[in-house]
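These notes concern the structure reproduced below.
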Amino acid sequence: SITVTVTATDGTDTTTETSTALVIANTAPVIDSLTVTPDPATTTDSLTAVATASDVDAADTATISYEWFVNGNPAGTTDTLDSSNFVKGDSVTVTATATDGTDTVSSTSAALVIANSAPTASIDIDQTSAVTTDTLTATVSTADADQDTFTTTIDWLVDSVSTGETGN
């Protein structure tokens, strides 16, 4: 608190004092920044929110909490949201809330729309070395995290030239 004291005297007579006390109010913390990574995000990404906050009151420390929403529905309350919480096309937002124990302030990030994940493919050939008369077999594994329909093309090459063979 701040106290102001006024003393009046004419040099001969008594002094008159008046005091007024003023209490300094708390100032709410401020969210300085809020980011979500990765951006853009796909169905295989976990999302991470990072917020920074400040408080002009020297004795106060801002504490930050998070709340995630997927298509407007609550989805989590930590700084990370696992990919199991959303699918392609979902709108994901996060709210960061800063408090100094007395006052609270919130800031919402821009919405992220979850993008398509590329399909994955791996190939395993049944031999590690071969001669020209050997028959080789390729085992192909494919997947799509978004469950999209996709096509697989196999092309055998010898010395970087297509053989015309397209099967396993």
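The magnitude of the dipole of the range 1-62, with charges of +1 and -1 set on the Cβ of Lys/Arg and Asp/Glu and taken from the Cα centre, is near 140 debye.
Give me the net charge for the shell around residue 107: Cβ to Cβ below 13 angstrom, other residues only, Lys and Arg +1, Asp and Glu -1. Net charge around residue 107: -2.
Solvent-accessible surface of protein heavy atoms, probed at 1.4 angstrom with all chains present, puts 156, 68 in the order 156, 68, largest first. Residues 64, 125, 24, sorted by accessible area with the largest first, give 24, 125, 64 [1.4 Å probe; ligands and nucleic acids excluded].
Simple point charges give the picture: +1 on the Cβ of Lys and Arg, -1 on the Cβ of Asp and Glu, and for the range 39-161 a dipole about the Cα centre of about 240 debye.
With the cut-off at 1.5 for a/c, could you classify the range 14-63 from its C-alpha gyration tensor as rounded, prolate or oblate? It is prolate, given that a/c is not under 1.5 and a/b is the larger ratio.
With K and R counted +1 and D and E -1, the other residues having a Cβ less than 14 Å from that of residue 116 yield a net charge of -4. In this structure the chain gives 66 Å² per residue of accessible area when probed at 1.4 Å with all protein chains present.
Please report, to two decimal places, log10 I(q)/I(0) for the range 1-155 at q = 0.09, 0.14 Å⁻¹ as given by the Debye formula with identical point scatterers on the Cα atoms and no solvent. Computed log10 I(q)/I(0) values: -0.57, -0.83. Dipole magnitude for the range 52-110: computed about the Cα centre from +1 point charges on Lys and Arg Cβ and -1 point charges on Asp and Glu Cβ, it is near 380 debye.
The values are calculated or read from the model by the stated rules, or taken from the named source; none is laboratory data. These numbers were taken from a predicted model, which means no experiment stands behind them. When we count neighbours, we look across all protein chains shown, and the Cβ atoms used for this are built from the backbone with ideal geometry, even at glycine. The area values use the complete protein model at the heavy-atom level, side chains included, leaving out ligands, DNA and RNA. Shrake-Rupley method; radii C 1.70, N 1.55, O 1.52, S 1.80 Å.
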